[in-house]
Each structure stands twice: as C-alpha cells, then as structure tokens.
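Q: Questions regarding the structure given below will be posed in turn.
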Amino acid sequence: MEKIWLSTPHMGGSEKKYIDDAFDKNWIAPLGQNVNLFEHKIQSFLGEDKHVAALSSGTAALHLALILCDVERDDEVICQSMTFSASANPIAYLGAKPVFIDSERETWNIDPNALEEAIIDGIKRNKKPKAIVAVHLYGMPYKHDEIKLLSEKYEIPIVEDSAEALGSMYKDQKCGTLGDISILSFNGNKIITTSGGGAIITSNLEKKQKAIFLATQARDDAPHYQHSHIGYNYRLSNVSAGIGCGQMEVLKDRVNQRRANHNFYQHFFSTYDHIKMQVEPSSDFYSNYWLSAILFEDNNGYELREKLRINLNDKYNIETRPLWKPMHLQPVFSGAKYFGGNVSEDLFNRGLCLPSGSALSEEELNRIKEALEEEL
Ligand SMILES: *Cc1c(COP(=O)(O)O)cnc(C)c1O
C-alpha cells in the first residue's frame with residue numbers, strides 16, 4: 001500500500017517551462033524574470049494596490065516584517081500561541097520577547113479578549129507590544145475585525161502570518177492583504193509551492209523596497225560594496241520563482257480541490273456526533289482549507305485521537321498529525337509570557353489533521369474513508 005501523505009507538492013504542468021527559461025537565459029540567480037513575474041502574478045491575485053517581494057522563505061518574510069515594524073532587542077511582540085514555530089522564531093532572532101496568546105474556539109486563532117488583556121498588561125509595565133503576529137491556522141481566517149479594532153485602538157501593527165492561507169478570504173478580502181504587513185509561504189507542503197520560498201506584502205512601496213534592500217545584504221548605493229545596515233540573503237531564486245509562476249496558474253484549482261476534500265470529510269463525519277471539524281463560523285470566513293482538521297469532543301478525546309492516528313499509520317499507511325503544539329507549551333519558549341486559558345492546549349490534545357493534499361485521488365479518498373469507518 002502506498003503511503004497517503006498529509007499534504008504533498010502538486011505541480012500544474014507549466015512550471016518546467018519557466019525553469020527551462022531560467023536555464024536558457026542562464027538566470028540561475030536570486031533575481032531575474034521569473035522573480036519579477038512571480039511577484040506580478042501574486043500582486044494581480046491579491047490586488048493591484050499591493051506590493052510583493054519574493055523571498056527565500058516565509059520565515060525570512062516574518063523576520064523582515066518585524067524589522068519593518070521597528071522591533072528591536074528587549075521589545076515585546078505578541079504572537080498567536082497555536083501556530084507553527086516559524087511564526088515566533090523571528091521574534092527571538094531579533095532579541096525581542098514573544099508574548100503568547102490563546103485561541104478562541106470558533107476559528108482556533110488568536111483570541112481578541114486575551115489579546116487585549118496582554119496589550120493592557122504590556123502598557124502598564126511600560127512595554128507596549130511592537131507588533132501583533134496573527135495567524136490563519138490551516139487556512140481559516142482569524143477574527144480580523146476584532147483584532148483590527150484592537151490594533152487601531154492601541155496603535156500596534158498587525159503582522160499577518162498568511163503562510164497557510166493563500167486563497168482564503170475574510171469578508172471577501174483576501175488573506176495576505178489584511179495586515180499592516182503580511183507574509184506568505186511557498187514551502188513544499190503549502191497550498192502552492194516554489195519548493196521553498198515566501199513573500200512579504202505591503203501597500204507601501206517604500207516598505208517593499210526596504211524589504212528587498214535588507215534581503216539583498218543591505219548594499220548602499222555605491223560602485224563598491226558599502227554597507228550602513230546589517231543585511232540578509234533572503235531573496236528568492238529565479239529557478240524557484242519559475243515553479244511559483246507555474247503554480248500561480250493553478251492556485252484557484254488548488255483551493256477548490258482542498259475545499260472539496262474538506263466537504264468530503266464534513267459529509268463523512270456528519271454521522272459521528274463526537275467528532276467536529278474546524279469549519280467557517282459564518283459566511284464572513286472563507287478558508288482555503290489547506291488542512292482539514294477534526295476535534296474529538298469527548299472526555300477521552302486524547303486517547304481516541306492517538307488511537308486513530310497510530311492505527312491509520314500502522315495499519316493503513318495513512319499519515320495524519322496532531323494540531324500545532326502551542327508555543328507557550330514549547331520547551332524553547334518556557335518562561336515566555338502567556339495570556340488566555342487552556343483552549344489552544346485543549347485543541348492540541350484532541351485535534352488531528354487529516355490528509356488534505358490537492359492531488360488526493362478518488363481511490364485514495366476511498367481508502368481513507370474505509371479506514372476511518374473501520375477505526376471509528
Ligand atoms: C509554513 C509556515 C511558516 C513558515 O514558512 P516557511 O516558508 O516554511 O519558512 C510560517 N508560519 C506558518 C503558520 C506556517 O505554516
């Protein structure tokens with residue numbers, strides 16, 4: 001039995017054409033036509049008032065986004081606790097301190113009440129947070145209106161981590177355009193991929209230019225190599241960007257395919273009272289359903305989750321994965337401040353991500369269905 005993976009790369013077909021073009025022109029460098037075209041394609045998708053800089057990873061994009069928010073050593077930065085570690089690591093790169101926030105139960109994302117508590121606490125200690133890193137978990141938009149209200153009330157910029165949410169929308173506004181600065185990831189397992197890559201998005205052209213300046217070793221305008229700032233090597237390769245150009249042509253299909261997977265699971269689980277899915281709370285939310293995730297609403301949810309996860313792997317060769325382990329529970333961030341209750345911890349204990357790739361065949365979906373029927 002071939003392994004069924006959680007999420008695999010899914011080429012559209014024209015990627016090679018762009019890569020061949022890079023080879024033909026010998027543009028094997030972190031700049032070139034594919035990089036420009038890829039940025040243009042993302043910009044056309046998100047909206048023409050947006051400026052896009054293609055980077056080597058989503059993590060690099062978050063690092064630069066925090067620098068653009070003037071985050072410095074010993075500053076505090078708010079971050080959704082339930083997320084992939086890449087949302088929080090760049091805070092540490094800068095010598096700043098993360099303040100983690102619990103999730104709410106509807107979208108599983110940053111809880112506005114705990115967020116305001118954390119902001120007020122920071123202000124009282126004369127440590128007003130420099131930025132709010134909010135995440136669209138598994139493609140599900142966070143409660144943007146509530147978060148934006150707090151961001152404006154206390155004048156703290158939102159760094160929108162849209163790594164998992166290209167193609168998602170909140171009130172018809174595309175994820176990746178909601179933050180004061182936003183980022184995307186094109187890692188191998190994301191909804192589209194450049195094998196590895198990311199992007200920073202801003203409506204301010206100067207900020208885009210500054211991001212590119214920092215991403216290309218911060219060279220001053222001089223014939224020799226002169227530097228007045230610390231720089232980084234964070235630009236996207238022209239070969240990788242070629243993959244991205246091909247992938248942008250099929251983005252809408254990929255979103256539809258992932259949403260169809262989610263429908264398939266929702267239909268399946270509708271007859272299991274103790275299993276709930278992560279679903280759009282209202283028509284304001286449109287998820288790309290990058291990953292379909294379930295929750296065992298049962299007192300021994302953890303045991304049931306583990307039994308299913310292990311059996312799917314051992315007996316059926318089907319990969320599943322617990323939800324992201326919250327950052328405030330990670331050994332590396334022990335000692336960090338945390339606001340909220342135990343929602344994210346509870347989701348982590350009882351939740352499971354299911355195979356969600358856009359390339360899943362009908363036969364594979366049937367194999368998953370039969371395995372689930374057997375095990376539940
Ligand atoms: C994947 C991911 C990132 C990091 O992106 P990379 O391109 O892998 O560096 C950041 N945040 C979240 C929520 C992610 O899922």
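The values are calculated or read from the model by the stated rules, or taken from the named source; none is laboratory data. Everything quoted here is computed from the prediction, not taken from an experiment. Every residue, glycine as well, gets a Cβ built from its backbone with ideal geometry; the counts of neighbours run over all protein chains shown.
Q: Pick from 216, 202: which is surrounded by fewer than 22 Cβ atoms within 10 Å (Cβ to Cβ) and among the polar types (S, T, N, Q)?
A: After ruling out the rest, the residue left standing is 216.
Q: Could you tell me whether residue 293 is crowded, with 22+ Cβ neighbours inside 10 Å, touching a Cys at 6+ places or on another chain (Cβ under 6 Å) and of a type outside the set (D, E, K, R)?
A: Yes.
Q: Ok, one more. Test residue 96 against the stated conditions and say whether it is away from the ligand (no atom under 16 Å from the Cβ), at pLDDT 95 or above and aliphatic (A, V, I, L, M).
A: The answer is yes for residue 96.
Q: Continuing with the same structure: Any idea how many residues of the range 49-66 are within 8 Å of the ligand (Cβ to nearest atom) and either of a type outside the set (Ser, Thr, Tyr) or surrounded by 24 or more Cβ atoms within 10 Å (Cβ to Cβ) (or both)?
A: Number satisfying all stated conditions: 4.
Q: Hey, can you tell me all the residues within the range 162-192 that are within 9 Å of the ligand (Cβ to nearest atom) and over 25 Å from residue 69 (Cα atoms)?
A: Across the range 162-192, the qualifying residues are 188, 189, 190.
Q: While we're on this one: Within the range 70-91, which residues are more than 13 Å from the ligand (Cβ to nearest atom), crowded, with 21+ Cβ neighbours inside 10 Å and in a loop (DSSP other than H, G, I, E, B)?
A: Selection gives 71 alone.
Q: List the helices (runs of 4 or more DSSP H) that sit entirely inside the range 206-325 and contain at least 2 residues that are closer than 18 Å to residue 184 by Cα.
A: 238-248, 251-269
Q: List the pairs whose first member sits in the range 181-202 and is under 18 Å from residue 11 (Cβ atoms), whose second member is within 8 Å of the ligand (Cβ to nearest atom) and acidic (Asp, Glu), and whose Cβ atoms are under 9 Å apart, counting only residues at least 6 apart or on separate chains?
A: Going by the 9 Å Cβ cut-off, the qualifying pairs are 185/161; 185/164; 190/164; 191/164.
Q: Moving on. Out of (1) under 30 Å from residue 91 (Cα atoms); (2) touching a residue at least 60 places away in the same chain (Cβ under 8 Å), what's the single condition that is false for residue 345?
A: Unmet condition: (2).
Q: Can you tell me which residue is farthest from the chain's Cα centre (by Cα) among those in the range 20-36 that are surrounded by 19 or more Cβ atoms within 10 Å (Cβ to Cβ) and assigned to a helix (DSSP H, G or I)?
A: 22
Q: Please state which one of 289, 272 is under 20 Å from the mean Cα position of the chain (by Cα) and either within 16 Å of the ligand (Cβ to nearest atom) or of a type in the set (Ser, Thr, Tyr) (or both).
A: 289
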